[in-house]
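Everything on this sheet refers to the single structure shown next.
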Amino acid sequence: MVRLLQEAFYLGGSVALVWLVLLPAVVLLAVCAVYILAETFHDIWKRQGWS
């Protein structure tokens with residue numbers, strides 16, 4: 001039982017480490033994607049002459 005808990009803890013620790021690395025990268029990618037989409041939509045908006 002203790003061994004199982006230790007293995008779960010190590011696994012959880014490595015998952016936490018992965019999230020610590022991945023989460024900022026994912027957030028950065030999401031921000032970039034939203035920015036690019038907003039710029040593209042703004043260009044389309046201006047070309048259509050809606051504003």
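The values are calculated or read from the model by the stated rules, or taken from the named source; none is laboratory data. Everything numeric here is computed off the predicted structure, so don't read it as measured data. Heads up: the accessible areas ignore ligands, DNA and RNA and are worked out on the full protein's heavy atoms, side chains in. Shrake-Rupley method; radii C 1.70, N 1.55, O 1.52, S 1.80 Å.
Leaving ligands, DNA and RNA out of it, report the carbon-plus-sulfur percent of the accessible area of the chain at a 1.4 Å probe.
Exposed carbon and sulfur together represent 77 percent of the surface.
When the helices in the chain are scored as -39500 (n - 2.57) per DSSP H run of 4 or longer and the sum is shared across all residues, what 222 nm value do you end up with, to the nearest 500 deg cm²/dmol?
-34500 deg cm²/dmol
Measure nothing but the geometry: give the 0 to 90° angle between the long axis through the Cα atoms of 2-48 and the longest principal axis through the Cα atoms of the chain, rounded to 10°.
Helix 2-48 sits at roughly 0 degrees to that axis.
For the chain, with every protein chain kept in place, what is the accessible area per residue (1.4 Å probe, Å²)?
97 Å²
Using only the alpha-carbon atoms, what does the chain span along each of its principal axes? Please give whole angstrom values in decreasing order.
Extents along the principal axes: 68, 15, 9 Å.
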